[in-house]
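Trainee: Have a look at this one.
The values are calculated or read from the model by the stated rules, or taken from the named source; none is laboratory data. Everything numeric here is computed off the predicted structure, so don't read it as measured data. Here the Cβ is made from the backbone with ideal geometry for all residues, glycine too, and neighbour counts use every protein chain on show. Each accessible area value is taken on the protein alone, full model and side chains, heavy atoms only, with ligands, DNA and RNA left out. Shrake-Rupley method; radii C 1.70, N 1.55, O 1.52, S 1.80 Å.
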Amino acid sequence: MSGARVIDGQAAAAAILAEVAGRIASRKRRGATAPGLATLLVGDDPASQSYVRSKNKRASEAGMRSFEHALPANTGEAELLALIASLNRDAAVHGILVQLPLPAQIDSGRVIESVDPAKDVDGFHPLNQGRLLSGGPGFVPCTPLGCLHLIKSVLPAPAGAEAVVVGRSNIVGKPMAQLLLRESCTVTVAHSKTRDLPSVCRRADILVAALGRPRMIQAGWIKPGAIVIDVGINRVSGAQGASRLVGDVDFEGAREIAGAITPVPGGVGPMTIAMLLRNTLEACERAGG
Ligand code: NDP
């Protein structure tokens, strides 16, 4: 018998998507514009294609307009920047999502900076990152935003909790740490150079694993009763050569010790798209559209 409550990210995401769809329907009833989400995909990486397809599908289901731009792998940076400039000017487009990673000939940093911060629904633009740091209004990256929502679903007031974030990427680890700091948690950020990671993890009342290492975080690294949020999405080979997705946490072991834990799949993953659509709706509302 396991002690941990398994946090249902699918259900939490469905509730957010229903709320977003309701707000869009009421905008349409009063004759206001529907939010528009533009997605840009360069190349034919199957995982990226699948992420972009789901984002567009969910956007349409919620009543948004979705504008799909699939460009060949040899697209030049200038061409991509020109497309983004035209989407920045397009009043029907409220959110612009550039699927990462981009091919090597394109400078991702330059592309991210070219998106109008008011349409940067991924929250990757330096202006939005800065606003997250300084506490101003802006867009927060969707995955950490989704993680915080799941954390608060089991711990509505996390102030004072010891939080450990494993991973310091710009899209997950760092903004996650900022969000937890904003909630007045005591935050530690661990990474590949951290000494004695197991004992750092054992301090955590809230442990967020975003390192991209299949099942690396073991049951013995977890403080009894902790909230464990597993961001990792790792494809590993399973029985008879079939592959399956696992997180960064050894789920079966950890659920015996944790107080609450997210599964993979069905935990953080669905929340990312839900938060993307919520950010897009907010971009539309802020634009007065
Ligand atoms: P990155 O590769 O950009 O960053 C990984 C981070 O983990 C780095 O900061 C790295 O440290 C740290 N790290 C790597 N190995 C170790 C280790 N052995 N011990 C401690 N720290 C380590 O990954 P992302 O942040 O983009 O993604 C992390 C995971 O989350 C991936 O599995 C990814 O697929 C998944 N993901 C899931 C999403 C979702 O929607 N659910 C969305 C985005 C990502 P250092 O900085 O020192 O190199």
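Trainee: Inside segment 135-146, can you point out the residues that are outside any helix (DSSP H, G or I) and hydrophobic (A, V, I, L, M, F, W, C)?
Mentor: Selection gives F139, V140.
Trainee: Out of the residues in segment 185-200 meeting the condition of being among the β-branched types (V, I, T) and within 9 Å of the ligand (Cβ to nearest atom), tell me which one is farthest from the chain's Cα centre (by Cα).
Mentor: Only one residue tops the list, namely T194.
Trainee: In addition: Does segment 74-82 contain any residue that is open to solvent by less than 20 Å² (accessible area, probe 1.4 Å) and closer than 24 Å to L148 by Cα? Break it down into steps so the answer makes sense when it comes.
Mentor: Initially, segment 74-82 is screened for residues open to solvent by less than 20 Å² (accessible area, probe 1.4 Å), giving 75, 80.
Checking which are closer than 24 Å to L148 by Cα leaves us with none.
Among the residues of segment 74-82, not one is open to solvent by less than 20 Å² (accessible area, probe 1.4 Å) and closer than 24 Å to L148 by Cα, which makes the answer no.
Trainee: Let me ask another. Give me the residue from segment 218-227 that is more than 14 Å from the ligand (Cβ to nearest atom) and buried (at least 17 other Cβ atoms within 10 Å of the Cβ) and, out of that set, nearest to the chain's Cα centre (by Cα).
Mentor: Applying the filter and picking the extreme gives I227.
Trainee: Can you tell me which residue among R255, R203, R215 is open to solvent by 50 Å² or more (accessible area, probe 1.4 Å) and either within 15 Å of V268 (Cα to Cα) or within 14 Å of the ligand (Cβ to nearest atom) (or both)?
Mentor: Exactly one of R255, R203, R215 is open to solvent by 50 Å² or more (accessible area, probe 1.4 Å) and either within 15 Å of V268 (Cα to Cα) or within 14 Å of the ligand (Cβ to nearest atom) (or both), namely R215.
Trainee: Could you check segment 238-267 and list, in sequence order, the residues that are at pLDDT 95 or above, assigned to a helix (DSSP H, G or I) and more than 17 Å from A210 (Cα to Cα)?
Mentor: The answer is E252, G253.
Trainee: Quick check on my filter: what residues within segment 121-134 are open to solvent by 20 Å² or more (accessible area, probe 1.4 Å), touching a helix residue (DSSP H, G or I) at 6+ places or on another chain (Cβ under 7 Å) and either assigned to a loop (DSSP other than H, G, I, E, B) or over 21 Å from L37 (Cα atoms) (or both)?
Mentor: D122, F124, H125, L133, listed by residue number.
Trainee: Those residues that are among the aliphatic types (A, V, I, L, M), in contact with a strand residue (DSSP E or B) (Cβ under 7 Å, 6 or more places away or on another chain), over 28 Å from K55 (Cα atoms) and surrounded by fewer than 20 Cβ atoms within 10 Å (Cβ to Cβ), I need them from segment 139-188; list them, please.
Mentor: Hits for segment 139-188 are L155, A161, L181.
Trainee: If you don't mind, there's one more thing I want to ask. Given (1) near the ligand (Cβ under 10 Å from one of its atoms); (2) at pLDDT 95 or above, where does E285 come up short, assuming only one miss?
Mentor: Result: E285 passes all but (1).
Trainee: Hey, can you tell me all the residues within segment 186-211 that are free of Cβ contacts under 8 Å to residues at least 40 places away in the same chain and not aliphatic (A, V, I, L, M)? Show your work before the answer.
Mentor: Step one: of segment 186-211, the residues free of Cβ contacts under 8 Å to residues at least 40 places away in the same chain are 186-202.
Of everything in segment 186-211, those that are free of Cβ contacts under 8 Å to residues at least 40 places away in the same chain and not aliphatic (A, V, I, L, M) turn out to be T186, T188, H191, S192, K193, T194, R195, D196, P198, S199, C201, R202.
Trainee: Of the residues V172, V166, which is within 28 Å of A11 (Cβ to Cβ) and in contact with a Leu (Cβ under 6 Å, 6 or more places away or on another chain)?
Mentor: After applying the criteria, what remains is V166.
Trainee: Go through segment 1-106 and tell me which strands (runs of 3 or more DSSP E), entirely inside it, have 2 or more residues that are without any contact (Cβ under 8 Å) to a residue 60 or more places away in the chain and in contact with a Gly (Cβ under 9 Å, 6 or more places away or on another chain).
Mentor: 65-71
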